[in-house]
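Below: the structure, in structure tokens.
Throughout, read-outs are computed from the coordinates displayed, never taken from laboratory work. What you see is a predicted model; the values in this text were computed from it and never measured.
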Amino acid sequence: MNSPYVDHLRHLVDAGIALNSDLTLDGVLQRIVETAAALTGTR
């Protein structure tokens, strides 16, 4: 069972990898919004 800290860290690492692989501004901003929503539990 993962702690919330580990889950948040995993989301941030995944977002960092995705940000480095997506070179369009729209793609980067979309990933930031999706990650923020996932980390805060919003839609």
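So here's what we get for this one:
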| item | result |
| --- | --- |
| Helix-derived mean residue ellipticity, 222 nm - over the chain, DSSP H n ≥ 4, -39500 (n - 2.57), to 500 | -26500 deg cm²/dmol |
| Nearest-ten-degree value, helix 4-21 long axis tilted from longest Cα axis of the chain | 10 degrees |
| Helix axis angle, 25-40 relative to the chain longest principal axis, alpha carbon, degrees | 10 degrees |
| Gain upon complete extension [GLU34, LEU19; 0.36 nm per residue less C-alpha separation] | 4.2 nm |
